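K.L.:
Got a structure here, written out as structure tokens. Questions coming.
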Amino acid sequence: MSNEQAEATITHRKRRAPDAAHRAEALKERIYVIFTVLAVTIAFERDASHASVGGAAFTIAVTVLGTLLAVFVADIIAHMVAHSSLPTRQELARHLHVSFGSLSVIVAPLVILGLCAMDVLELKTGLRTITIALVATLIVVTLIAIRRLTVSAFHKVLVLAIMSALGCAVLVIELAVH
């Protein structure tokens with residue numbers, strides 16, 4: 001590969017690859033969605049004897065879609081306020097990616113609910129499995145973030161404890177309304 005080809009490849013990748021701020025925005029939205037799906041799942045699990053697989057899947061899908069649409073609208077309005085202009089095509093694509101890229105969060109819950117619909121799992125077991133998968137995802141993301149911090153081990157453990165407590169507080173507040 002010539003130097004010109006290598007430079008063209010690097011330039012192309014730089015244009016395509018999201019920067020750290022973009023990745024952080026997308027991750028933040030995914031975490032919001034995980035907490036939302038977690039609250040809905042736990043609420044359904046409380047009343048699993050009266051719930052249906054279809055009802056759970058529909059509620060999760062509609063809740064996530066509504067949340068992501070609200071995030072997208074908020075991003076567009078915030079952009080207009082901050083820049084006094086409509087987003088460019090590239091900015092609009094970024095907002096769409098950040099907002100609706102989080103739809104991937106509901107793949108595992110919907111697959112698990114599909115297993116419930118095929119009678120591979122009972123609904124209550126499926127909802128518990130979804131809860132465990134979502135909590136595990138939050139833990140892994142938090143551990144990855146903390147691992148990258150440039151602080152002492154003590155401070156990393158302290159941050160993990162604080163983030164865990166705050167995550168529990170979010171769930172308690174969200175579940176209080178369900």
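Every number here is computed from the coordinates shown, using simple stated rules; none is lab data. Everything numeric in this text was worked out from a predicted model, so none of it was measured. As a convention, Cβ positions derive from the backbone with ideal geometry for all residues, glycine included, and neighbour counts pool all protein chains shown.
K.L.:
Sum -39500 (n - 2.57) across every DSSP H segment of at least 4 residues in the chain, then divide by the residue count to get the 222 nm mean residue ellipticity, nearest 500.
P.N.:
-28000 deg cm²/dmol
K.L.:
Fewest first, what order do 163, 118, 80 take by the number of other Cβ atoms within 10 Å?
P.N.:
Going from least to most buried by this count: 118, 80, 163.
K.L.:
While we're here: How large is Rg over Rh for the chain, taking Rg from the Cα atoms and Rh as the Kirkwood inverse mean of 1/r across Cα pairs?
P.N.:
1.06
K.L.:
Moving on. Want the number for residue 80 to residue 164: 0.36 nm per residue separation, take away the alpha-carbon distance, what's left?
P.N.:
26.7 nm
K.L.:
While we're here: May I ask for the percentage of alpha-carbon pairs in the range 83-178 that lie more than 17 Å from each other?
P.N.:
In whole percent, the share of Cα-Cα pairs in the range 83-178 beyond 17 Å is 69.
K.L.:
Rg over Rh of the range 44-115, using C-alpha atoms and the Kirkwood radius, what does it come to?
P.N.:
1.16
K.L.:
If you don't mind, another one. Evaluate E = 1/(1 + (r/R0)^6) for residue 118 and residue 93, where r is the Cβ-Cβ distance and R0 equals 35 Å; express this FRET efficiency to the nearest 0.05.
P.N.:
FRET efficiency, residue 118 to residue 93: 0.40.
K.L.:
Can you give the extra length, in nm with one decimal, that the chain gains between residue 52 and residue 111 once fully stretched, where that is 0.36 nm per residue apart less the Cα-Cα distance?
P.N.:
19.7 nm
K.L.:
Additional query: Would you be so kind as to identify which of 118, 153, 48 lies farthest towards the positive end of the dipole of the range 20-176, taking Lys and Arg as +1 and Asp and Glu as -1 on Cβ and the Cα centre as origin?
P.N.:
Selected residue: 153.
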